[in-house]
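J.: Quick one: structure below, then a few questions.
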Amino acid sequence: MSGKCITAVYPGTFDPITNGHTDVIGRAAGLFDRVIVAVAAVGGGKNPAFDLGRRVELARLALAQWENVEVRGFDTLLVEFARAVGARVLLRGLRAVSDFEYEFQLSGMNRVLAPELETLFLPTAEQHAYLSSSLVREVAALGGDITAFVHPEVGAALTHRFGKSSV
């Protein structure tokens, strides 16, 4: 044992943070000294339901039970953010084999940009493998029940955002 404090960064847009995300984060909290949930500003053609500040706030509410988990917004290259917070690990969640190809491509790019960072993949628990933020937003927008998919505060925010009952 080296005695080094290992910080992992778990990036995403978290629009919204789902129970699948919290599953991965909670398990990571047991593996690393410090887990930073890095909420990305909009990119990649995404049109978020919530602005960055609100997504950070909702993630903090959903993750409050873990003392070694921090939530921060960022609008830089992920590797630059990871370096700035002293991370050694980039953590990526995988739902299905279909996620792997894209995530593998990202990890290769990140390795070239920051060879000192390791990317680790953590599969989501089986009961959350179908869950995605975009599906949760769609169900909420159409007035469906999302209580099984998100933290209650997140569900309330989605209901308010879309103006429909989702409970």
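The values are calculated or read from the model by the stated rules, or taken from the named source; none is laboratory data. Here the structure is a predicted model, which is why all the values come from computation and not from measurement. We place every Cβ from the backbone using ideal geometry, glycine too, and count neighbours over all the protein chains shown.
J.: Only one residue in Thr18, Thr7, Thr13, Thr76 is free of Cβ contacts under 8 Å to residues at least 12 places away in the same chain and among the β-branched types (Val, Ile, Thr), so which one is that?
T.: On inspection, the qualifying residue turns out to be Thr76.
J.: Could you tell me which of the residues Ser134, Ser98 is within 15 Å of the chain's Cα centre (by Cα) and loosely packed, with under 15 Cβ neighbours inside 10 Å?
T.: Ser134
J.: Out of the stretch 79-114, which residues are touching a residue at least 60 places away in the same chain (Cβ under 8 Å) and touching a Phe, Trp or Tyr at 6+ places or on another chain (Cβ under 6 Å)? Working first, answer last.
T.: Here is the first cut: in the stretch 79-114, the ones touching a residue at least 60 places away in the same chain (Cβ under 8 Å) are 81-82, 85-93, 95.
Answer for the stretch 79-114, where residues must be touching a residue at least 60 places away in the same chain (Cβ under 8 Å) and touching a Phe, Trp or Tyr at 6+ places or on another chain (Cβ under 6 Å): Phe81, Leu91, Arg92.
J.: Let me ask something else. Looking at the stretch 148-164, which of the residues that are of a type in the set (Val, Ile, Thr) and outside any loop (DSSP other than H, G, I, E, B) is nearest to Arg54 (Cα to Cα)?
T.: Val154
J.: From Val97, Val85, Val79, which residue is modelled with pLDDT under 95 and among the β-branched types (Val, Ile, Thr)?
T.: Going through Val97, Val85, Val79 in turn, the sole match is Val97.
J.: Considering only the stretch 113-127, state which residues are under 14 Å from the mean Cα position of the chain (by Cα) and either hydroxyl-bearing (Ser, Thr, Tyr) or assigned to a loop (DSSP other than H, G, I, E, B) (or both).
T.: Thr124 - this is the single residue of the stretch 113-127 that is under 14 Å from the mean Cα position of the chain (by Cα) and either hydroxyl-bearing (Ser, Thr, Tyr) or assigned to a loop (DSSP other than H, G, I, E, B) (or both).
J.: When you go through (1) in contact with a Lys or Arg (Cβ under 9 Å, 6 or more places away or on another chain); (2) buried (at least 21 other Cβ atoms within 10 Å of the Cβ) one by one for Leu90, which number turns out not to apply?
T.: Looking at each condition in turn, Leu90 falls short on (1).
J.: Could you list, in sequence order, all residues of the stretch 18-63 that are farther than 13 Å from Ala157 by Cα, surrounded by 14 or more Cβ atoms within 10 Å (Cβ to Cβ) and among the polar types (S, T, N, Q)?
T.: Asn19, Thr22
J.: From the list Val79, Val71, Val154, Val112, which residue is over 17 Å from Val9 (Cβ atoms), in contact with a helix residue (DSSP H, G or I) (Cβ under 6 Å, 6 or more places away or on another chain) and among the β-branched types (Val, Ile, Thr)? Spell out the reasoning first.
T.: Details: Val79 fails: over 17 Å from Val9 (Cβ atoms); Val71 fails: over 17 Å from Val9 (Cβ atoms); Val112 fails: in contact with a helix residue (DSSP H, G or I) (Cβ under 6 Å, 6 or more places away or on another chain).
Going through Val79, Val71, Val154, Val112 in turn, just one is over 17 Å from Val9 (Cβ atoms), in contact with a helix residue (DSSP H, G or I) (Cβ under 6 Å, 6 or more places away or on another chain) and among the β-branched types (Val, Ile, Thr): Val154.
J.: Residues of the stretch 128-146 being at pLDDT below 90 and not in a loop (DSSP other than H, G, I, E, B), which ones?
T.: Hit for the stretch 128-146 is His128, nothing else.
J.: Quick check, is Leu52 in contact (Cβ under 8 Å) with a residue 60 or more places away in the chain and under 14 Å from the mean Cα position of the chain (by Cα)?
T.: Against the criterion (in contact (Cβ under 8 Å) with a residue 60 or more places away in the chain and under 14 Å from the mean Cα position of the chain (by Cα)), Leu52 does not qualify.
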